[in-house]
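First up is the structure itself, then whatever we jot down about it.
The values are calculated or read from the model by the stated rules, or taken from the named source; none is laboratory data. Small disclaimer: the values here were computed from a predicted structure and weren't measured. Neighbour counts run over all protein chains shown; Cβ positions are idealised from the backbone, glycine included.
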Amino acid sequence: MTDRPLAAIVLAAGKSTRMRSDLPKVLHPLAGRPILSHVLDAVAALAPARTVVVVGPDMAPVAALAAPHQTVVQERPEGSGHAVLCARKALADLARPGSDLLILFGDTPLVEVETFRALVAARDAAPRPDLVLLGFRPAEPRGYGRILCDDDGQPAAIVEERDASDAQRRIDLCNGGLMLVDGGILFALLDKVGKDNAKGEYYLTDLVALARAAGHGTAVVETELEQVMGINTRAELAIAEAVLQSRLRGRALAGGATLVDPTTVWFSWDTRLGRDVTVQPNVFFGPGVVVGDDVEIRAFCHLEGVRIEAGAKIGPFARLRPDSVIGVGARIGNFVEVKNATFGEGAKANHLAYVGDSRVGVGANVGAGVITCNYDGFAKHATEIGAGAFIGSNVALVAPVTVGAGAIVGAGSTIVEDVPADAVAVGRGRQENRAGGAARLRARRGGAKRKAAEG
Ligand code: UD1
Ligand code: MG
C-alpha cells in the first residue's frame, strides 16, 4: 500500500429534507448505529491522518457524534463543491502535492473498505492519475451524474443528470460520488468551480473537467450500486438496512453459526457470535450482544447489551436487556425478562420471570413467575440470589434483598427480609381449610341466585 498521507473529507451538510425528519439524516440508525458512524468506521480502516466532517448549521449532535474528528460548518448548502471548500483550512497542512484527499458522503454508508483501498491503489497505477472517481453502472441510471470518458476510457468530465443532453443521459457509467484527489490540486481547482448549472450550485463533479483541462490524469474504479447507494428517503434507509442485514447474516454464517432462517434474524453492526451457535427464526439482536460457543437461541428472542456464555440456552420468547451476563450453560426460558442481571454457571430461570438488578448464583433456580421488585417508585435496588438457591414459583423478591446460598424460598412468598444460607423461607398468608364449607356456601348463595333469576 501507499505511504502517501491520506485525509478524509466527509460531506454531511445537505439538508436532507426528503427524510421528513427532525433528526439530521446521518443520525438515523442503520443496523443499530447512526448512518454516519458506518461511514466513519469504514474510513478509519484506512488510518487517515485526519478526518474532517462537513456539517450544516444547527447540527451540533452530528458534530458530537463525529468527535473526536474535526467538524467544519458549511453555513449555506451551496453544493458539494462548496462543502469540500469548507474543509480547506482544516486540511491546510495535509493538502499538498502527493497527498491523498478522499471525499466521501455521510449519507452513503455501504461502501466497503476494499473499495476505498481500490481507489487508493488506482492512484498508484500508471499513469498515476491525480483524481480517481468511483463509478458504477446501475440498471436505472436516472438521477445520477454521468461520467464522460475519452477515447482511452479515462474520465473527461461528469455531467449531472439535470444538465445532461439526451445523448449523455444514455451513458450508463454513473458517478458514485466518492473521489480521491491529489492534495496539491483539490482546492486550487475547486476555486475555479462556478455555479452556472441547473441547480445553481457549486458542483464537486466539475472538478473532473477542470483537472483534465489543467493536464492532470484521471481514472475511474467501478463498483456495484449496492455500495454507492445514498440514503435520501426513509424508503432508501430501509433498502440500505436490508443490504446491511444481508451482509451481517452472511458474516454470521461464514463464522460458523447456524441461522435456521437467516432472513428472519436481525443483527446489529457489532453482534458477535461464537462457533456452533444456533439461532432459530425471528431473533432480534440489538447493539452490544456477544454470544459464546455452542449457545442456542430459540425463536422470538429480543437481545440487547448482553453477554451469553458458552452452552447457554435462551428462549424461545426471552428478552435480555443491557448489562446482563448469562453464564456458561445457564438457561433462560420463555417469557423471561432479564435486565442488568448476572446468571452464574448453570443457573436457570425457565418460565415467566422478571430478573432485574440482580445476581443469580451458580446453579440457582428461579421458578416460574418470580419477580425481583427492583424499583420502589424512586430508586432501583439490588437482589442477590446465592449459589444453589431455589426460588419457588410466583415469589416476589422485594429489593434490596439477599437470598443466601442453598436457601429455599416457598412458592408464592413475598420476601422482604434477607434469607440466610440454607434456610427455608416462607412469607405468605396461611391457608385455612373449612370442611364442608363449599356445600354450605352453594346452598346459601345458590338460593339467592334463583330468586334473582325468577324476579
Ligand atoms: C451527487 C453527485 C452526482 C452523483 C451522486 C451519487 C454532485 C454535484 N453530484 O449528486 O454526480 O451521481 O451524488 O449519489 O456532487 N452536500 C453538502 N453540502 C451541500 C450539498 C451537498 O454537504 O451544499 C453533501 C450532501 O450531504 C451529500 C453529498 O454532499 O452527502 C452529495 O450531495 P447530494 O445533494 O446528495 O448530491 P446528489 O444530487 O445526490
Ligand atoms: Mg445524494
- Message: Looking at the range 193-200, can you tell me whether even one residue there is out of contact with any strand residue (DSSP E or B) (no Cβ under 9 Å at 6 or more places or on another chain), among the hydrophobic types (A, V, I, L, M, F, W, C), touching a residue at least 40 places away in the same chain (Cβ under 8 Å) and over 30 Å from GLY305 (Cα atoms)?
- Response: yes
- Can we say ALA8 is away from ligand 2 (no atom under 16 Å from the Cβ), surrounded by 14 or more Cβ atoms within 10 Å (Cβ to Cβ) and under 30 Å from LYS195 (Cα atoms)? yes
- What's the number of the condition GLN168 fails, among (1) at pLDDT below 95; (2) over 19 Å from ALA95 (Cα atoms); (3) more than 10 Å from ligand 1 (Cβ to nearest atom)? (1)
- Would you mind stating whether ARG117 is touching a residue at least 12 places away in the same chain (Cβ under 8 Å), surrounded by fewer than 17 Cβ atoms within 10 Å (Cβ to Cβ), more than 14 Å from ligand 1 (Cβ to nearest atom) and over 24 Å from VAL26 (Cα atoms)? no
- Item | Given (1) crowded, with 23+ Cβ neighbours inside 10 Å; (2) closer than 22 Å to GLY145 by Cα; (3) within 16 Å of ligand 2 (Cβ to nearest atom); (4) touching a residue at least 60 places away in the same chain (Cβ under 8 Å), index of the condition VAL54 fails | (4)
- Would you mention how many residues in the range 192-210 are farther than 20 Å from GLY14 by Cα and either outside any helix (DSSP H, G or I) or in contact with an Asp or Glu (Cβ under 6 Å, 6 or more places away or on another chain) (or both)? 1
- Item | Number of positions in the range 418-446 that are in contact with a Gly (Cβ under 8 Å, 6 or more places away or on another chain) and more than 23 Å from HIS351 (Cβ to Cβ) | 5
- Task: Quick one: count up the residues across the range 219-243 that are in a strand (DSSP E or B), farther than 12 Å from CYS174 by Cβ and within 15 Å of ligand 1 (Cβ to nearest atom).
- Result: 1
- Hits in the range 121-167 - residues which are assigned to a loop (DSSP other than H, G, I, E, B), of a type in the set (A, V, I, L, M) and in contact with a Lys or Arg (Cβ under 8 Å, 6 or more places away or on another chain): ALA164
- Those residues that are over 21 Å from VAL84 (Cβ atoms) and of a type in the set (Gly, Ala, Ser), I need them from the range 1-54; list them, please. SER21, ALA31, GLY32, SER37, ALA45, ALA47
